[in-house]
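Asker: I have a structure I would like to understand better, so I am pasting it below and will then ask my questions one at a time.
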Amino acid sequence: MPGRIEPMTDFFTERLSTYDEHMLTDIEELPEAYAMVARLIPPDAQTLLDLGCGTGLELERVFELHPDILVTGIDLTQAMLDRLRGKFPGKELTLICGSYLGRDLGERIYDAAISFETMHHWTYAQKSTLYADIFKALKPRGRYVECDYMVDTQDEADRMFEEALRLRAEQGVPDGEFYHCDTPMTVDNQMRLFKEAGFASVETAFRRNGTAIIVCDKI
Ligand SMILES: C[S@@+](CC[C@H](N)C(=O)[O-])C[C@H]1O[C@@H](n2cnc3c(N)ncnc32)[C@H](O)[C@@H]1O
């Protein structure tokens, strides 16, 4: 945990020049995880929502398998979205700069939704509302695939939440402000949240080091 936390958009904007390389080389399991998330998108999916799409690392793999899929990407950091758009000049992308939290994601619009390494900053209550919104935004039989940093024990999760609260208080960060501070949950709690949101089938497809991929089907 860092000694000082930064606003979310500053954190990613300042690290943009080394971001892709960091994700693909410093976290050993991520290249395989990006490829797996792309494979877990149903082959007949035509519309995809990517929450916290960043510079589009997952989309590089997605477009290899689904070249014609229509993507809506949401991200808080404009610089990350600019990098993403520059990577895919021929693609029609709907990119929204803003928070996916508290946003109306629509109803029965997408065949699939994904998120990659973006959800480990939120509380149980924030995720509970967001996952219900994702569930609603998916078409019947839609699928949500989440790849994220998750921990094994509740003790570890509790320690990180407490430290995040301490840092926010120490720096006087107002409630509701998006700061970069890792508060991962356990795989069990994540699975509980997805089931509470209404997903009929919730399966862990990948678990290595701190990374897990969970597949949630609406059915
Ligand atoms: C670690 S990066 C992951 C980016 C991309 N998915 C990837 O795997 O390379 C986390 C991203 O989530 C975005 N993000 C964080 N909080 C967000 C929020 N509330 N709404 C939308 N995007 C958010 C950040 O701006 C950042 O681009």
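Asker: Pop the C-beta distance of ILE219 and CYS97 into the FRET formula with R0 = 41 Å and round what comes out to the nearest 0.05.
Answerer: 0.80
Asker: Additional query: Give me the percent of Cα-Cα pairs in the chain that sit more than 25 Å apart, rounded to a whole number.
Answerer: So the pairs more than 25 Å apart make up 36 percent of the total in the chain.
Asker: Can you tell me which of 11-23, 130-142 comes out highest on packing, and rank the rest after it, using the mean Cβ neighbours within 10 Å?
Answerer: Top to bottom by mean Cβ count within 10 Å: 130-142, 11-23.
Asker: If you count the DSSP beta bridges with both ends in the chain, what percent of them are antiparallel, to the nearest 5?
Answerer: That works out to approximately 45 percent antiparallel.
Asker: Right, another one. Reachable lysines from LYS139, Cα under 28 Å, same-chain residues fewer than 8 places away excluded?
Answerer: Candidates past the 8-residue exclusion: LYS91, LYS127, LYS195, LYS218.
Asker: Tell me the relative contact order for the chain as a rounded percent, counting alpha carbon contacts under 8 Å between residues six or more apart.
Answerer: With pairs under 8 Å counted, the relative contact order is 22 percent.
Read-outs: derived from the displayed coordinates by stated rules, not from any lab. Note that this is a predicted model, so its numbers are computed, not measured. Using ideal geometry, Cβ is built from the backbone for each residue, glycine included, and neighbour counts are taken over all protein chains shown.
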